[in-house]
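Have a look at the structure below, then the notes.
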Amino acid sequence: MIAFDYYDGVLEGVCRDLHGMREAYFTLIAWDEEVDGRIFATVEINEGTIQALADVLSRTHSCPEREVWTPRNRPGDPDDAAFMEALIAEARHRIRTEGMLLQAFQIESVPVRSRRVVKSDLARIDRMLASGKYDTIAGWFNP
Amino acid sequence: MGRIAHAFLLLLSLALPQEGAARFLSSDPIPADAESGYAFNRYWYADASPYRYVDPDGRQSMGPSGYGFYRPPSNFFSDTTAGRFLGSVLGDPIALARSDNYNPITREYPGPAALQDAKLGLLTLAIPSVRVGRVAAAGIADDALVVRGGGNMSPKGANSPEGIAAGSGTHHSGVSGFSVESANGATLCQLCGNLPHHYNQVGVTTAGAIRSAGGDVLSTSGQSATHATVTGLSPQAASALMTPTRNPVPKP
């Protein structure tokens, strides 16, 4: 797993073998004060993407010794930074059509709830991803 | 008395009270200052420094004149020219002698680079006519605020023992613990503003209080520049240290 953000667990990143997806991108979109109140949007990404990203990050960060890797900074090289940003942008775009929503406090945990992203979610997901802030979990799973 | 001997006596006078920091079992009714975080630890007596201050009724510490006032934590080695000089010479080499790297002179935890510099400094001390420079120290100081979002009343609150247990894990750096915001000199508002999620309530303590309880707080990479990890405490002990405080930063 390569984590882009971390607070009491990984908030955004890529990992292997996530709930049936061989390689996946995930990002937190909703969070409540209570400890089981985290909803992640996830999507499968092309196999080999994680290794390619690890190769890019290894140029400016020491090689990871642990499974969870949290680079403090994005790549300094403009080409490397562009690679990472393109990966995130493509994954976020694919969430709209192929994404899954998972409710779990830690992304590695067995989710409390899960379902596919549907059309009525899109405006809310877009708003959250554009703002960089987190929504409340109300209404995502319970009408 | 030689300078070195004097320095070690001063070191003893500073270090010994930290070992047995006595606390009250009930909290102080004086609330924390929302901006500075002063008095956030409501179990402290006399600013945790009974040799410097008095606290006649347990509510608020006072100076020798008996007049209550706010003072940031201070000590001889950081507040006086002579102290800074002695600290610059003896500072990090002291940490080399401790298993936990804590430096009671600078009140910091030197990073690996600083400790390496300190070793080189000791080598240069052994060689006449080589000038010994100031050894930089890194780490979160004892008086730094430590903030974690969430309440501690509900079992699902992030500062309850259950919430702290749920948030605990092993950071990529190898540090096991739970996430907080902490940085030297940062105010309560600044740290609350760096939380990744708006909490109505936060838990507040200091790095010194965590260390007095047997734990530690280490700067670790995360979602903000002030992300840190508290390690070495049970969820129950950590929850008890986190003084419930209303988040002074309004919801965006």
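The values are calculated or read from the model by the stated rules, or taken from the named source; none is laboratory data. Bear in mind the structure is a predicted one, so any value in this text is a computation, not a measurement. With ideal geometry, Cβ positions are generated from the backbone for all residues, glycine too; neighbour counts draw on all protein chains shown.
Taking the criterion of being surrounded by fewer than 16 Cβ atoms within 10 Å (Cβ to Cβ) and more than 14 Å from chain B (Cβ to nearest Cβ), the residues of the stretch A:95-110 that qualify are A:T97, A:E98. Scanning the stretch A:86-118 for residues being at pLDDT 90 or above, under 27 Å from A:T60 (Cβ atoms) and not basic (K, R) gives a total of 8. Return yes when A:P75 is modelled with pLDDT under 80, under 15 Å from the mean Cα position of the chain (by Cα) and surrounded by 19 or more Cβ atoms within 10 Å (Cβ to Cβ) and no when it is not. Criteria not met by A:P75. Any residue that is touching a strand residue (DSSP E or B) at 6+ places or on another chain (Cβ under 7 Å) and within 10 Å of chain A (Cβ to nearest Cβ) - is there at least one of those in the stretch B:229-246? For the stretch B:229-246, residues touching a strand residue (DSSP E or B) at 6+ places or on another chain (Cβ under 7 Å) and within 10 Å of chain A (Cβ to nearest Cβ): present. Within the stretch A:108-143, the residues that satisfy the criterion of being of a type in the set (D, E) and under 16 Å from the mean Cα position of the chain (by Cα) are A:E108, A:D126, A:D135.
In the stretch B:163-174, the qualifying residues are those that are in a helix (DSSP H, G or I) and more than 7 Å from chain A (Cβ to nearest Cβ), and the one that is surrounded by the most Cβ atoms within 10 Å (Cβ to Cβ) is B:I164. Residues that are in a loop (DSSP other than H, G, I, E, B), under 15 Å from the mean Cα position of the chain (by Cα) and not hydrophobic (A, V, I, L, M, F, W, C) do occur in the stretch A:100-107. Can you tell me how many residues in the stretch A:38-54 are within 14 Å of another protein chain (Cβ to nearest Cβ) and either hydrophobic (A, V, I, L, M, F, W, C) or surrounded by fewer than 19 Cβ atoms within 10 Å (Cβ to Cβ) (or both)? Residues that pass the stated criteria total 3.
The strands (runs of 3 or more DSSP E) found wholly in the stretch B:183-235 and carrying at least 2 residues that are in contact with a Phe, Trp or Tyr (Cβ under 9 Å, 6 or more places away or on another chain) and touching a residue at least 60 places away in the same chain (Cβ under 8 Å) occupy B:201-206, B:216-219.
For the stretch B:217-226, the set of residues classified as surrounded by 24 or more Cβ atoms within 10 Å (Cβ to Cβ) and at the interface with another protein chain (Cβ under 9 Å from one of its Cβ atoms) consists of B:G222 only. Among the residues of the stretch B:175-199 satisfying the criterion of being within 7 Å of another protein chain (Cβ to nearest Cβ) and out of contact with any helix residue (DSSP H, G or I) (no Cβ under 9 Å at 6 or more places or on another chain), which is farthest from B:A144 (Cα to Cα)? Out of the qualifying residues, it is B:H197. Go through the residues of the stretch A:16-26 one by one and say whether even a single one is within 14 Å of chain B (Cβ to nearest Cβ) and of a type in the set (S, T, Y). Scanning the stretch A:16-26 turns up no residue that is within 14 Å of chain B (Cβ to nearest Cβ) and of a type in the set (S, T, Y). Scanning the stretch A:32-49 for residues that are closer than 16 Å to A:Q106 by Cβ and under 14 Å from the mean Cα position of the chain (by Cα) returns A:R38, A:I39, A:F40, A:A41, A:T42.
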